1. Hey, can you tell me all the residues within the stretch 190-202 that are without any contact (Cβ under 8 Å) to a residue 24 or more places away in the chain and either part of a helix (DSSP H, G or I) or of a type in the set (D, E, K, R) (or both)?
2. So which residues in the stretch 294-314 are over 21 Å from the mean Cα position of the chain (by Cα) and under 27 Å from Ser424 (Cβ atoms)?
3. Applying the selection to the stretch 463-483, what residues are part of a helix (DSSP H, G or I), among the hydrophobic types (A, V, I, L, M, F, W, C) and closer than 18 Å to Thr436 by Cβ?
4. Just give me the residues in the stretch 267-311 being among the hydroxyl-bearing types (Ser, Thr, Tyr), open to solvent by 10 Å² or more (accessible area, probe 1.4 Å) and more than 21 Å from Ala199 (Cα to Cα), in sequence order.
5. Pairs, please: C-beta under 6 Å, at least 6 apart or cross-chain, first residue more than 15 Å from Asp371 (Cβ to Cβ) and in the stretch 394-418, second open to solvent by less than 10 Å² (accessible area, probe 1.4 Å)?
6. Only strands (runs of 3 or more DSSP E) wholly contained in the stretch 54-138 count here; list those with 3 or more residues that are at pLDDT 75 or above.
7. Search the stretch 293-319 for residues that are on the phi > 0 side of the Ramachandran plot and pair each with any residue that is of a type in the set (Val, Ile, Thr) and open to solvent by less than 30 Å² (accessible area, probe 1.4 Å) when their beta-carbon atoms are under 7 Å apart and the residues are at least 6 apart or on different chains.
Amino acid sequence: MFIEINNLKKSFGSDSNRVEVLRGVDFSIEKGDICVLLGPSGSGKSTLLNIIGGIDDADAGYISIGGERMAFSESFLTELVERNDIVDVVSGYVRLSKKSGSNMFGLCPFHSEKTPSFSVSPDKQIYHCFGCGKGGGVINFIMEIENLGFRDAVEFLARRAGMQMPEEENDKESQKRARMLALNKDAAHFFYEQLYSPAGRPGLEYMQGRRIGRAAATNFGLGFAPDTWDSLRNAMKAKGYTDFELFDAGLVRKGKSGGFYDTFRSRLMFPVIDVRSNVIGFSGRIIGDGEPKYMNSPETLVFNKSRNLFALNLAKKSKSGYIILSEGNIDVVSLHQAGFDSAVASLGTSLTPEQARLISRYKSEVIIAYDNDGAGIKAAQRAIGILEKLDLKVKVLRMSGAKDPDEFIKLKGADAFRNLLEGSEDQVDYRLHAVTAKYDLSADEQKVEFLKEATELVARLPGAVERQVYAMRVASLSGVAADAVTAEVERRRKRLLSGARRANAREQSRPERQTQPVEKEFRYENPGSAVAEEGVIRLLYLEPELANMPELPPPERFSAPVLGRIYSAILDRLRRGDSVSAATLGDSLSGDEVSLLVSILQKPELLSQGERTMRDYINKINNEAELAAGSSDLRALAKKLREKKGYEG
């Protein structure tokens with residue numbers, strides 16, 4: 001991590017006239033360090049650096065962490081949160097319906113689950129998942145769900161609420177992101193222009209061979225990367241971009257001799273456009289022989305292939321009630337060209353949980369249209385397992401006489417594909433068909449193996465009626481009595497449920513599990529002290545006037561560094577007279593730290609005797625700190641004695 005301080009005035013010694021302005025001073029700190037920036041009396045600016053003191057004018061400059069500036073005013077953030085009700089914002093991504101008291105519940109968008117454990121509190125304006133531990137305010141939610149930094153999440157919500165962003169300068173992270181998006185857009189224009197130039201003839205011929213018309217090419221912004229080493233590089237440098245900007249965007253690579261050359265050459269180019277209409281990366285299909293067949297942009301500041309889907313920017317606008325999930329970009333273009341405008345494709349990878357959650361924001365049904373080969377069937381099976389965990393209705397196409405949707409449409413036409421969609425199989429039918437195809441049911445030994453696998457599949461279905469229907473289907477396929485198959489299904493289901501309960505009981509009964517945070521990123525070395533530290537944080541958040549208690553310990557006395565950081569951030573805001581909320585703390589805490597804070601707030605606390613309870617917590621922290629210091633002294637003494645004994649011996 002890196003902290004940059006600009007234009008802050010620092011006094012030297014007792015002579016107040018000796019003032020020097022700090023510009024571009026860098027301080028390297030390690031992850032986990034507790035840092036506080038001290039300003040003049042009563043004007044502490046931020047929870048950043050404990051080494052610097054005597055700042056005369058804390059408002060004269062700005063502070064950036066990792067290049068991202070945290071400089072929004074209290075009034076701006078408060079208004080932003082007030083105008084972006086968390087229930088309204090979350091409802092744009094999660095179907096909230098189940099109520100528990102005043103809270104709304106839905107399926108968590110951050111992990112796969114079938115039973116809703118994602119809670120949104122309209123009163124507290126926070127969210128919390130009791131399954132994965134994610135939590136925070138409305139800003140943190142947008143940071144997580146949209147994969148944005150703090151500043152960009154604030155801008156996202158400001159646009160949503162029709163608010164003007166404050167004037168800002170030197171916001172390095174945001175500037176770099178905007179610059180990379182502009183570069184990608186210019187590169188997309190370059191590739192598009194090349195397609196219709198003499199250099200793009202191979203690309204046009206390939207498109208004609210695949211029957212991709214100009215209207216479809218324009219709709220997707222298709223282009224061509226010439227078979228040269230530096231065409232794109234030269235064109236972008238002429239627009240003012242540097243080699244290092246091109247390299248960071250994945251558009252050029254470094255040569256062995258130290259120079260740079262174009263990443264994409266002799267490829268039909270597919271811009272990857274996110275749901276906010278930004279060009280975030282590229283996928284290139286090679287023209288002619290060569291490997292790899294498809295090449296994607298590397299991971300960059302704006303592009304993560306596991307969190308994006310090709311053509312979702314178009315498919316999300318479709319009036320159809322489902323998403324068609326295909327394997328390749330060409331399949332997607334052919335499907336849209338034929339009128340099936342809800343088709344998307346993963347970007348050179350099998351479907352990821354993040355991509356599945358992205359789909360679930362826009363549609364509740366998915367039709368898998370993967371290639372009709374062994375790899376496609378295996379990929380479909382895996383995709384079913386991911387999608388069904390999100391409570392999505394899943395169907396699967398089984399294409400005969402064609403290996404993929406593109407070939408099927410070319411051979412049989414759009415109407416035949418539409419009939420195929422209408423007759424698509426439920427995912428259970430598809431998986432049962434796949435199991436049946438593995439066995440010769442005329443042989444008794446294979447019939448027994450079929451029944452084992454098929455009843456295990458049916459036993460995992462959540463609904464009793466669904467299990468009964470498919471148990472009868474299995475019985476019919478195998479020629480075994482329906483009662484016998486149903487009994488075997490229920491026997492296997494009881495065993496599955498019993499095993500799940502035992503595993504959960506073992507996990508919950510572990511002593512450390514009861515005191516450790518759900519967030520796996522954090523571990524408490526001293527759970528006894530950490531419980532009290534959580535209590536101090538909880539009381540400060542719920543009873544801000546307790547921040548005036550003189551007995552409050554310094555953050556470094558906390559045994560858990562993460563709790564020390566949360567405590568310091570809350571105390572800093574309260575002592576400045578600012579309000580405290582999960583949203584406003586997002587400028588000084590990481591997303592994981594805000595999630596931990598929200599999980600701490602979910603625990604009960606006795607507020608009727610706040611000061612007394614706070615003193616009890618403080619005494620516990622102080623006692624544990626003294627014990628830890630004493631243990632450290634004893635260990636040091638024992639080490640010295642061992643060393644002395646070894647020396648004398």
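1. Hits for the stretch 190-202 are Pro198, Arg201.
2. From the stretch 294-314, those over 21 Å from the mean Cα position of the chain (by Cα) are 294-295, 314; that's our starting set.
Result: Tyr294, Leu314.
3. Restricting attention to the stretch 463-483, the residues satisfying the condition of being part of a helix (DSSP H, G or I) are 464-478, 482-483.
Narrowing further to those that are among the hydrophobic types (A, V, I, L, M, F, W, C): 464-465, 469, 471-472, 474-475, 477, 482.
Once the filter is applied, which keeps residues that are part of a helix (DSSP H, G or I), among the hydrophobic types (A, V, I, L, M, F, W, C) and closer than 18 Å to Thr436 by Cβ, the stretch 463-483 yields Val469, Ala471, Met472, Val474, Ala475, Leu477, Ala482.
4. We begin by selecting, within the stretch 267-311, every residue among the hydroxyl-bearing types (Ser, Thr, Tyr); these are 277, 283, 294, 297, 300, 306.
Okay, now just the ones that are also open to solvent by 10 Å² or more (accessible area, probe 1.4 Å), so 277, 294, 300, 306.
Selection gives Ser277, Thr300, Ser306.
5. Val394/Val366; Val394/Ile384; Val394/Leu387; Lys395/Ile367
6. On the way: elements: 62-65, 98-100, 103-106, 118-121, 126-129.
Qualifying strands (runs of 3 or more DSSP E): 103-106, 118-121, 126-129.
7. Within 7 Å, the pairs are Ala311/Val332; Ala311/Val344.
This table checks each residue for (1) within 14 Å of Ser599 (Cα to Cα); (2) at pLDDT below 85.
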residue: Ser478; (1), (2): no, no
residue: Arg492; (1), (2): no, no
residue: Arg501; (1), (2): no, yes
residue: Gln508; (1), (2): no, yes
residue: Val531; (1), (2): yes, no
residue: Ile537; (1), (2): yes, no
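The values are calculated or read from the model by the stated rules, or taken from the named source; none is laboratory data. Given the structure is predicted, the values throughout are model-derived calculations rather than measurements. No Cβ is skipped: glycine too gets one built from the backbone with ideal geometry, and neighbour counts run over all protein chains shown. Just so you know, the surface numbers come from the protein's heavy atoms only, side chains and all, with ligands and any DNA or RNA stripped out. Shrake-Rupley method; radii C 1.70, N 1.55, O 1.52, S 1.80 Å.
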